[in-house]
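**Q** One structure is given below, represented as structure tokens, and several questions about it will come after.
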Amino acid sequence: MMNIGEASAASGVTSKMIRYYESIGLMPAAGRSGSGYRVYDSRAVHLLRFIRRSRDLGFALEDIRLLLGLWQDGERPSAAVKDIAVKHIGDLTRKIAELQAMKRSLQHLAEACHGDARPDCPILDDLGGLDDGGHEKSGEAEASPPSCHR
């Protein structure tokens, strides 16, 4: 048996997150020592490692809950596990595409910026909804903040 700090060190999950996972029912509440401290066994640490690895792979908490249920079910169909993984791969693929698009946009803006002592700044203009001439883009900005051209 180990206390929460030892379980944290053994699993790589912070004490705060261990308490959180218990509070949302992702893992069972820890047993208590005679003095009221949480105590964990090797099975709980193994469960925490499963959760940590799932989080490292980017699974959402609800997907981890489903995966835990399947992991603990000796009669599980592997197809159910694969379905969750394949759905997550699709989510990751979409996120990667979004991040790549954001990178391209920011790269373009950074290349358009002179990076000198002048006040005009295409990066700030874009963030503020202004076009290259410092005018509000139609339908994109609600308020017109001061232009950095002034």
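The values are calculated or read from the model by the stated rules, or taken from the named source; none is laboratory data. Owing to the predicted nature of the structure, the values given are computational and were not obtained by experimental measurement. All Cβ positions, even for glycine, are placed from backbone atoms using ideal geometry, and neighbour counts span all protein chains on display. The accessibility values were calculated without ligands, DNA or RNA, using every heavy atom of the protein model including side chains. Shrake-Rupley method; radii C 1.70, N 1.55, O 1.52, S 1.80 Å.
**Q** Has the range 105-123 got any residue that is at pLDDT 85 or above, open to solvent by 80 Å² or more (accessible area, probe 1.4 Å) and within 30 Å of residue 59 (Cα to Cα)?
**A** Checked against the condition, which is being at pLDDT 85 or above, open to solvent by 80 Å² or more (accessible area, probe 1.4 Å) and within 30 Å of residue 59 (Cα to Cα), the range 105-123 yields at least one hit.
**Q** Suppose we filter 41, 63 for residues that are among the acidic types (Asp, Glu) and either open to solvent by 100 Å² or more (accessible area, probe 1.4 Å) or within 27 Å of residue 2 (Cα to Cα) (or both); which single one remains? Before you say what the answer is, go through the steps one by one.
**A** Values: 63 fails: either open to solvent by 100 Å² or more (accessible area, probe 1.4 Å) or within 27 Å of residue 2 (Cα to Cα) (or both).
41 is the lone residue from the list that is among the acidic types (Asp, Glu) and either open to solvent by 100 Å² or more (accessible area, probe 1.4 Å) or within 27 Å of residue 2 (Cα to Cα) (or both).
**Q** Would you tally the residues in the range 4-37 being of a type in the set (A, V, I, L, M, F, W, C), within 13 Å of residue 51 (Cβ to Cβ) and exposed (fewer than 12 other Cβ atoms within 10 Å of the Cβ)?
**A** Qualifying residue count, the range 4-37: 1.
**Q** Looking at the range 124-132, is at least one residue modelled with pLDDT under 85 and either closer than 30 Å to residue 70 by Cα or open to solvent by 80 Å² or more (accessible area, probe 1.4 Å) (or both)?
**A** There is at least one residue in the range 124-132 that is modelled with pLDDT under 85 and either closer than 30 Å to residue 70 by Cα or open to solvent by 80 Å² or more (accessible area, probe 1.4 Å) (or both).
**Q** While we're here: For the range 32-58, name all the residues that are over 29 Å from residue 89 (Cβ atoms), in contact (Cβ under 8 Å) with a residue 24 or more places away in the chain and of a type outside the set (Ser, Thr, Tyr).
**A** Once the filter is applied, which keeps residues that are over 29 Å from residue 89 (Cβ atoms), in contact (Cβ under 8 Å) with a residue 24 or more places away in the chain and of a type outside the set (Ser, Thr, Tyr), the range 32-58 yields 38, 39, 41, 44.
**Q** Hey, another quick one. Which one of 54, 78 is surrounded by 14 or more Cβ atoms within 10 Å (Cβ to Cβ) and polar (S, T, N, Q)? Please lay out each step first, then the result.
**A** Values: 78 fails: surrounded by 14 or more Cβ atoms within 10 Å (Cβ to Cβ).
Exactly one residue qualifies, and that residue is 54.
**Q** Condition test on residue 94, is it part of a helix (DSSP H, G or I), at pLDDT 95 or above and surrounded by 12 or more Cβ atoms within 10 Å (Cβ to Cβ)?
**A** Details: part of a helix (DSSP H, G or I): yes; at pLDDT 95 or above: yes; surrounded by 12 or more Cβ atoms within 10 Å (Cβ to Cβ): no.
No; evaluated as a whole, the condition is false for this residue.
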